[in-house]
Amino acid sequence: MAASLAMMTLVSACGGPVASAPRLEPGTSPVPQKSAAVIDYPPFIGVLVDGEEHWCTASVVDSPRGNIVATAAHCVNQDDGAEPREISFAPGFSGEGVGKQPYGAWKVRSVQVDDRWQEQEDDPYDFAFLALEPDAQGRNVQEVVGAAALDWESGPDRQVTVVGYPESDHNPDNRPVTCTTDSRADKDLPGMVRMECAGFWNGTSGSPWLTDYRGPDRPGRLIAVLSGGDTDAESTAALFGSPARALYQRALKA
């Protein structure tokens, strides 16, 4: 069902030191990491904002109209009795305090959350697709910042590049961090995948898990979004499959 817009309490993922990430040379692959590194790109990844407040990470995904972003369901699901919020997506966000929105912000038109998350907060369905309004110039977000392709049939054992925005307490410059590492099936949570990489604090919920990422002009394919973590050394994500694909189709029609 389409969810009303409100901020929920975020799930903490990993924690650890943050260093600077080098840019990839053409034709090279990311080197596996044990902790996240700050990064200045890619622009198709950003944050959810409400006025001067920002929380959670989201990313533009390829769509016919170019107006769909993916994030975690718990980032946008409605708390009982909570006041609905007007949410926008700010790609390429960075900077101290309220930060800068170099590409502007796109207002969220609709939120699609799986019924199983809406009713039971079932972890394997902790994903959401948001349809955005055009900007003041009539442009859809994908036209401006690009997008990642979607993969509905990925297995859990992959090398992934995860990009997200930790909360300002651990990231005062509000710069995104990235980690390339191996993912595997979560033995305790069927339908979920797990990675080990330090540096993903609150705020990184909704971060895209990308395969074959080679830089901002070759973002690869999105297979999951970050949901949470059991310890400060692990993060989990809801692996995309037929339920996520059906939800994406609902977002296209919204």
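The values are calculated or read from the model by the stated rules, or taken from the named source; none is laboratory data. Treat the numbers as computed from the prediction; the structure is a model and nothing was measured. Every residue, glycine among them, receives a Cβ derived from its backbone with ideal geometry; neighbour counts consider all protein chains shown. SASA here: full protein model, heavy atoms, side chains in, ligands and nucleic acids out. Shrake-Rupley method; radii C 1.70, N 1.55, O 1.52, S 1.80 Å.
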Would you tally the net charge around V177, using a Cβ to Cβ cut-off of less than 12 Å, leaving V177 out, and scoring K and R as +1, D and E as -1?
-2
Considering every Cα-Cα pair within region 31-144, what fraction, in whole percent, is farther apart than 21 Å?
41 percent
Give the dimensionless ratio obtained when the Cα radius of gyration of region 95-194 is divided by 2.2 N^0.38 Å.
1.33
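Between R245 and E121, what FRET efficiency follows from the Cβ-Cβ distance if R0 is 22 Å, with the result rounded to 0.05?
0.60
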Once neighbouring chains are kept in place and the probe is 1.4 Å, which whole percent of the accessible area of region 40-192 is contributed by carbon and sulfur?
39 percent
Roughly how many debye, to the nearest 20, is the charge dipole of region 90-203 about its Cα centre, given +1 on each Lys and Arg Cβ, -1 on each Asp and Glu Cβ, and no other charges?
500 debye
Counting Lys +1, Arg +1, Asp -1, Glu -1, what net charge surrounds K253 among other residues with beta carbon under 15 Å of its beta carbon?
+4
Starting from the Cα gyration tensor of region 128-254, take the square roots of the eigenvalues, sort them a ≥ b ≥ c, and report rounded, prolate or oblate (rounded when a/c is under 1.5, otherwise prolate if a/b is larger than b/c, else oblate).
oblate
From the phi of every residue in region 120-134, what ³J(HN,Hα) in whole Hz does the Karplus formula 6.51 cos²θ - 1.76 cosθ + 1.60 yield, where θ is phi - 60° and glycine or proline is x?
10, 6, 6, 3, x, 10, 7, 9, 8, 10, 10, 9, 10, 6, x
Set of aspartates and glutamates near K34 by C-alpha distance (under 19 Å), chain-local residues within fewer than 8 positions excluded:
D157, D182, D186, E196, D212, D230, D232, E234
